[in-house]
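The values are calculated or read from the model by the stated rules, or taken from the named source; none is laboratory data. Model, not experiment: these values are computed from the prediction. Note that each Cβ is placed from the backbone with ideal geometry, even for glycine, and that neighbours are counted across all protein chains shown. Ligands, DNA and RNA are excluded from the accessible area calculation, which covers all protein heavy atoms including side chains. Shrake-Rupley method; radii C 1.70, N 1.55, O 1.52, S 1.80 Å.
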Amino acid sequence: QVQLQESGPGLVKPSQTLSLTCTVSGGSIRSGGYYWSWIRQHPGKGLEWIGNIHYSGSTYYNPSLKSRLIISVDTSKNQFSLRLSSVTVADTAVYYCARIEDSGWFFDYWGQGTLVTVSS
Amino acid sequence: QTVVTQEPSFSVSPGGTVTLTCGLSSGSVSTSYYPSWYQQTPGQAPRTLIYSTNSRSSGVPNRFSGSILGNKAALTITGAQADDECDYYCVLYLGSGISIFGGGTKLTVL
């Protein structure tokens, strides 16, 4: 059973960089047929796709976040990471990592989510 | 800009049937968009219900079903139960690695 776990600071100051890591267990991040994704949910709002990465390093980003976003992968640690720069209070959200099964392009496993608050 | 539309809220009686829909601001939803559906209860991560239009995820009861109805993707719940009361999100795949979530439907069972 694949499990994903987000980790990182719960509080980030405005204008700084938000950094999160997702650790994958129960399976290899190098397994074929999958992408690895970040999704966020603003308080009381809906879900927003942030971006995906393949273990090869190929990335796909939400155009609305692309200029501030870097998603990377560390196959040796079975982890992938999110860096979102120049954050504002509007980036306060629960951030989820998830796995995408690419034959049906759907999120099949999710992390439990982590709340990141942007505040001075 | 592409927007995925869902009913903001819906109500169903216990034991009843409800169909939630997922549309596009411009154009029709087809199987080529690989519509998927997720259930989310407050404070929890989403749970995958349906993928590739009408395939049920492992462990999902068969009273949840997916389809294309007209120009939209649809999630039908038959025999609604109290614990079906939560939020439902659809996702459409636009190609080139890009997915878009609908705004979600808050389902009330009463």
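Before moving on, here are some points about what is shown:
- Inter-part distance where region B:5-50 and region B:61-86 are each reduced to a Cα centre, Å: 7
- Expressed to the nearest 5 percent, the antiparallel share of DSSP beta bridges inside chain B is 90 percent.
- Between B:Q81 and B:R47, the C-beta separation translates, for a Förster distance of 22 Å, into a calculated FRET efficiency of about 0.90.
- Where A:R99, A:R68, B:R56 fall by accessible area, highest first, once all protein chains stay in place (1.4 Å): B:R56, A:R68, A:R99
- Kirkwood Rh (inverse of mean 1/r, distinct Cα pairs), region A:18-65, angstrom: 12.3
- When only Cα pairs below 8 angstrom with a gap of at least 6 residues are kept, chain A shows a relative contact order of 36 percent.
- Of the solvent-accessible surface of chain A, computed with a 1.4 Å probe over protein heavy atoms with every protein chain present, carbon and sulfur atoms account for 47 percent.
- The residues of region B:32-80 expose, per residue, 43 Å² of accessible area to a 1.4 Å probe.
- Inter-chain Cβ neighbour average for residues B:102-110, partner chain, 10 Å: 1
- Share antiparallel - DSSP beta bridges, chain A, percent rounded to 5: 95
- Over the C-alpha trace of chain B, radius of gyration and Dmax come out as 13.1, 41 angstrom.
- With the gyration tensor restricted to C-alpha atoms of chain A, the semi-axes of the equivalent ellipsoid amount to 23, 14, 14 Å, longest first.
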